[in-house]
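The values are calculated or read from the model by the stated rules, or taken from the named source; none is laboratory data. Bear in mind that the values here come from a model prediction, so they are computed numbers and not experimental data. Here Cβ is always computed from backbone atoms with ideal geometry, including for glycine, and neighbour counts include all displayed protein chains. Each accessible area value is taken on the protein alone, full model and side chains, heavy atoms only, with ligands, DNA and RNA left out. Shrake-Rupley method; radii C 1.70, N 1.55, O 1.52, S 1.80 Å.
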Amino acid sequence: MEAMGVETTGLRRRVGLGEAQEAPPPQASAPREEAAPAAVSPISVAAEMPSFWKAPLEYLFGSNPPPELLAATLHEDLTREYGAQCPAFEHLSFREAANLAKTTGKFLLAYLHSEVHEDTPTFCKNALCTDEMLAFCLEHDNMVLWAGSVLQAEGYSVSLTLGAASFPFVSLLISTARGLNVVEKIQGHVTKEQLTARLANAILRNQHHLQASRAQEQFRTEAQILREQQDREYQESLEADRQKAEEVERRRAEEERQRAEEEARIEAALVAEEQLRAQKEAERQARAQTIQTKRDALANGPTARGKDTCLLRFQLHNGTRLERLFYASDSFQAVRNFVDVSLFEKEMPIVNYELATNYPRKVWGPDDVESTLLDAGLAPQALLYVQDLDS
């Protein structure tokens, strides 16, 4: 088995049925199921990607949508391309699917889809998306199914973690006390009979591991619930004792000062509310006037692209995209005027922000308003990220 920690566990390897197995030392001839797996350097599936990978991956894959959306899109594409026999892959991230398999005591079946590999269409049509595979998945309801594309950042990262050497790639994993373990790898094109047979053998071979993991998870959950219940009862007992000791004194003091405090509170609240209302109204009017001034300054912008124009696209933290055509000679003040007006119109409370390109990374802060788009190297077009400095 290959152990892959969902948190911080190591990677181990047990050769699956039908895979090439390295020759063991002459003195080590124990059965495969009883052999102690070799420990390898710890790998964390949930760990943040090393910084030296970020720029190349963002250059290759761009700004990725949420993993759940990618999983749902891939499932829809497979169903549309190869029919309703496609297995019911979960619309989750890999980490969420692994946690679901762990908490429900099930195997995790992971399929890595390579759109550019020549064997992928044949494998999907004749093995993965077939009546036999669908019936196999329905029969073995002790599996959580997940699929990811290696052309997306998460699928690519999972392929590195699972050690995918060729495609198509299917892996069966199980959660144990040491982490998430690989119990079967199926690489390259196989028939539907070979696919279901190898998965069935792997499930049968590791059923006892699944039962042990399920029992351990249940024990851990019950123990945690019991500890929480005991802690809650203990705290409730302490609180009851404290309240009894303080109740007489508190009640007398409370009655004496309650009336005076209530009157003072109401009066202070009315004054504060009126002041806050006046302040917000003044700020709103001032901001609206400022925005109108900036909107007026943008009125004479270019209407069609030309050699002296610059098309800027903007990406906000919540996925919102903006776009506008500027003159290449416009300064960053004009750019910030457009962003300020757009944020105001969309009622987004972002005031202090900077503009940045992704690759190569350049940043223009609130005070960088004199440089022109041509001098900044953004013409004839560029993508700028609006980064909230107050978040």
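The lysines whose alpha-carbon is closer than 23 Å to the alpha-carbon of LYS192, local same-chain residues fewer than 8 away aside, are LYS106, LYS125.
Between LEU389 and GLN292, the modelled labels are 2.8 nm apart [label points 7 Å from Cα along Cα→Cβ].
The phi torsions of the range 98-111, fed into the Karplus equation with coefficients 6.51, -1.76 and 1.60 and a -60° offset, translate into couplings of 5, 5, 5, 4, 5, 6, 9, x, 10, 6, 10, 9, 10, 10 Hz, rounded to whole numbers, with Gly and Pro shown as x. Taking the 1.4 Å solvent-accessible surface of the range 309-388 as the whole, the part contributed by carbon and sulfur is 47%.
Taking all protein chains as present, what is the carbon and sulfur share of the accessible area of the range 157-286, in % to the nearest whole number, probe 1.4 Å? Its accessible area is 52 percent carbon and sulfur atoms. Comparing the range 51-224 with the 2.2 N^0.38 Å rule of thumb, its C-alpha radius of gyration ratio is 1.03 (two decimals).
Explain nothing, just the number: relative contact order of the range 309-388, from Cα pairs under 8 Å at least 6 residues apart, as a whole percent. Relative contact order for the range 309-388 comes out at 46 percent.
A straight Cα-to-Cα reach below 21 Å connects LYS346 with the lysines LYS280, LYS294, residues fewer than 8 places away in its own chain not being considered. Between ARG251 and ASP141, the C-beta separation translates, for a Förster distance of 51 Å, into a calculated FRET efficiency of about 0.30.
Of the listed residues VAL150, VAL363, VAL116, the order by accessible area with a 1.4 Å probe, largest first, is VAL116, VAL363, VAL150. Between GLU283 and GLU132, the contour length at 0.36 nm per residue exceeds the alpha carbon distance by 47.7 nm. For the range 302-313, putting each phi into the Karplus relation 6.51 cos²θ - 1.76 cosθ + 1.60 with θ = phi - 60° gives couplings of x, 10, 9, 6, x, 5, 9, 10, 9, 8, 10, 10 Hz, in residue order, rounded to whole numbers and with x for Gly and Pro. Restricting the calculation to Cα atoms, the range 94-146 yields a radius of gyration followed by a Dmax of 12.8, 37 Å. Hey, with R₀ at 41 Å, roughly what FRET efficiency would ALA304 and LEU100 work out to, going by the Cβ-Cβ distance, to 0.05? Approximately 0.20, to the nearest 0.05. The distance separating the Cα centre of the range 104-158 from that of the range 228-273 comes to 58 Å.
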